[in-house]
Structure formats: C-alpha cells, structure tokens
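Data block below; observations after.
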Amino acid sequence: MRRFVILGHKVPASGEFTLNDLPGSGGRLDVLCRAIGASLFVSHGIRRDVEAVLLIQGTVQLRIVGDRVRRLNPDERSTAALLQQALRQAGPEEVEASPGIFVSQGSLTGALDRLYQFGANPVLLHEDGDPFDPAAMPADPAFILSDHVDFTDDELETMDELPRVSLGPTTLHTSQCITIVHYLLDRDAEDSNQDLVLCHKVWSEPKAQLICGLLLDFGIPANLVRQSPPSVYPVTVDGLGEVRIMVRPRDLERARVIVGDYFEDPVSE
Ligand SMILES: C[S@@+](CC[C@H](N)C(=O)[O-])C[C@H]1O[C@@H](n2cnc3c(N)ncnc32)[C@H](O)[C@@H]1O
C-alpha cells in the first residue's frame with residue numbers, strides 16, 4: 001500500500017471553522033483537501049491501495065482509506081465537510097466518522113509507530129533530500145509531507161532518522177509532490193511489468209559494454225543478453241557470442257537513435 005502523511009499546522013483541531021473560509025478560519029484546510037484529492041483520486045475513480053493520513057496540529061489523526069472511503073468527492077468544500085465532521089468526533093479511541101474516514105487523538109510519534117506496526121516504511125519528502133529514485137523506494141512507502149509551512153524543528157528532530165528524499169530544488173505544493181510521486185512510482189511499476197525489447201545486437205562484449213554505458217549516460221538503462229556462439233565452436237570463444245542490448249519499450253526509439261548516431265544503424269530481428 002502507498003501512504004501519504006500530511007502534517008497540518010494551522011487547521012483548528014477542534015473542527016471549529018467555517019466551510020466558507022477554508023484558507024482563513026480553516027487554517028489552509030484547502031491545502032490538505034487538495035493533498036487528499038491528489039493522493040486518492042484518478043479520473044473517474046479512486047486509488048484503492050492508497051491511504052491518506054492527516055496529522056492536525058500534532059494532536060488529531062485522520063485516516064482516509066482508499067478501499068473503504070465513500071462520499072468523497074473531488075471538490076474541496078465537500079471534502080472539508082467530511083473532515084470537519086470527523087474532527088468533531090476525535091477521542092482517545094479511533095472511530096470511523098464516516099465510511100473510510102477514521103479519526104482519533106494522535107501525535108507524530110504515534111503516527112510513525114502505527115506505520116511501523118503495519119509494515120510501512122516512512123520516507124520524508126523534503127526539498128533538501130537525496131534525489132527521488134523510484135527503484136530505491138521501499139515496499140509500502142509512507143511519504144511524509146508538510147502543508148503550506150515548513151516542518152517544525154521538533155518534527156524534523158522526531159523524523160531525523162528517516163530517509164529524506166527530494167523531487168528537486170524547487171519548492172512545490174504538497175499536492176503537486178503527491179502527484180509526481182504517484183507518477184514516478186506508477187511508471188516504475190509499469191516498467192517492471194513489461195518485458196525488455198531488443199534495441200541492437202553486436203558480436204563483441206566490449207562493444208556491447210560501451211553501448212550500454214553510452215545509453216546509461218543518456219539516462220537509458222540497458223540489459224545485455226548473451227547468446228552462445230554456434231555449435232561449430234568447440235568452446236565459447238570470448239567475443240564471438242551474440243550480445244543483445246535490451247531496453248525498456250518506452251526507451252526503444254530514443255535508444256536506437258543514439259546507437260545510430262554514435263555507432264551504426266541498429267540491427268533489428
Ligand atoms: C509548500 S511546501 C512547504 C512550505 C515551504 N517549505 C515553505 O515554507 O517555503 C510543502 C511540502 O511539500 C514537500 N515538498 C515541496 N517541495 C518539495 C521538493 N522539491 N522535494 C520534496 N518535497 C517537497 C515538503 O514536504 C514540503 O514541506
């Protein structure tokens with residue numbers, strides 16, 4: 001499961017605000033509603049394998065669970081109404097305030113403990129982190145983001161040990177970060193479900209390695225598949241076997257142009 005945990009710093013934890021003024025009396029609840037939308041919605045549907053968690057002022061936790069939630073619509077006002085109704089029911093025990101929206105008193109350490117209990121792996125999204133590498137993301141990641149203000153020093157101290165990853169030096173909106181993370185992880189999952197395709201074949205291991213390195217310089221990962229030489233050779237003679245350079249389907253066209261520009265016309269089957 002993919003999770004997004006958003007720390008809301010100004011939303012009144014009591015739920016006392018007017019739905020007509022989410023940015024003002026709602027303490028930028030509009031930012032959190034957009035983050036929920038980015039976490040859970042696709043066009044005409046909902047991501048069932050996603051949970052959005054809001055931690056409001058470090059005291060109340062709201063969980064919106066993709067495979068249970070009902071009555072959640074893309075507009076911010078109706079989402080805010082569901083959250084307000086939930087905030088008003090916050091107590092020591094978690095309750096399901098409306099289908100798929102759970103609320104309880106909470107804390108950042110409590111939220112992290114719960115994530116670990118469920119086998120999730122928290123990752124801090126921060127402008128100053130290591131570059132986001134989808135392939136290096138843990139299984140069941142839980143991305144932690146702030147709202148319209150920075151994480152506090154206390155929050156950063158509590159999350160000091162967590163991996164910190166960045167989507168680049170530009171500070172983005174919370175909901176934009178979530179959309180980008182979904183895109184990168186979805187694309188990575190799609191890649192790993194697709195078979196690699198033949199880009200070129202050569203009959204020299206060093207040349208194959210050279211092409212592989214060149215493609216990587218252009219951001220195109222390639223695998224080498226070695227075929228045994230024909231049986232007339234009594235032993236495998238290094239360099240005489242066919243080496244197939246395989247790439248992802250979405251890289252094929254560009255990879256073939258690069259091979260053509262730097263080496264020779266790529267061979268097709
Ligand atoms: C609008 S930003 C926070 C406010 C911002 N730090 C400020 O006060 O100028 C919302 C959150 O999105 C995440 N975020 C924004 N840009 C990011 C980036 N380039 N890489 C990773 N996370 C980012 C961080 O979690 C950040 O706290």
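The values are calculated or read from the model by the stated rules, or taken from the named source; none is laboratory data. The model shown is predicted, which means the values in this text are computed figures rather than measured ones. Cβ placement follows ideal geometry from the backbone for every residue including glycine, while neighbour counts extend to all protein chains displayed.
Some observations on this one:
- Considering residues of the range 2-28 that are under 20 Å from Phe143 (Cβ atoms) and in contact with a Pro (Cβ under 9 Å, 6 or more places away or on another chain) only, the residue surrounded by the most Cβ atoms within 10 Å (Cβ to Cβ): Val5
- Only listed residue being within 24 Å of Gly27 (Cβ to Cβ), in the same structural domain as Val69 (by TED's automatic domain parsing) and surrounded by fewer than 18 Cβ atoms within 10 Å (Cβ to Cβ), chosen from Gln105, Gln117: Gln105
- Every condition in (1) touching a His at 6+ places or on another chain (Cβ under 9 Å); (2) touching a residue at least 60 places away in the same chain (Cβ under 8 Å) holds for Leu115 except the one numbered (1).
- Pair list, Cβ < 6 Å and 6+ apart or interchain, from the range 122-134 residues that are farther than 17 Å from His182 by Cβ to residues that are within 10 Å of the ligand (Cβ to nearest atom) and among the hydroxyl-bearing types (Ser, Thr, Tyr): Glu127/Ser166; Glu127/Thr171; Gly129/Ser166
- Within the range 43-53, if we keep just the residues that are part of a loop (DSSP other than H, G, I, E, B) and under 20 Å from the mean Cα position of the chain (by Cα), the residue that is surrounded by the fewest Cβ atoms within 10 Å (Cβ to Cβ) turns out to be Ser43.
- When the test is whether a residue is closer than 16 Å to Ser107 by Cα and either assigned to a loop (DSSP other than H, G, I, E, B) or not basic (Lys, Arg) (or both), Leu82 does not pass it.
- Listed conditions (1) under 16 Å from Tyr183 (Cα atoms); (2) of a type in the set (Gly, Ala, Ser); (3) at pLDDT 95 or above are all met by Ser146, apart from (1).
- Residue ranges of strands (runs of 3 or more DSSP E) in the range 92-180 with at least 1 members within 16 Å of the ligand (Cβ to nearest atom): 121-131, 141-146, 164-166
- Check on Val243, at pLDDT below 90 and farther than 30 Å from Met137 by Cβ: no
- Every residue from the range 127-146 that is within 24 Å of Gln57 (Cα to Cα) and touching a Leu at 6+ places or on another chain (Cβ under 6 Å): Ala142, Phe143, Ile144, Leu145, Ser146
- Any hit, the range 54-67, residues being in a strand (DSSP E or B) and in contact with a Pro (Cβ under 7 Å, 6 or more places away or on another chain): no
- Being in the same structural domain as Arg114 (by TED's automatic domain parsing) and out of contact with any helix residue (DSSP H, G or I) (no Cβ under 8 Å at 6 or more places or on another chain) holds for only one residue in Ala38, Ala86, Ala80, Ala52, and it is Ala86.
- Residue within the range 185-193 that is over 19 Å from Val50 (Cβ atoms) and assigned to a loop (DSSP other than H, G, I, E, B) present: no
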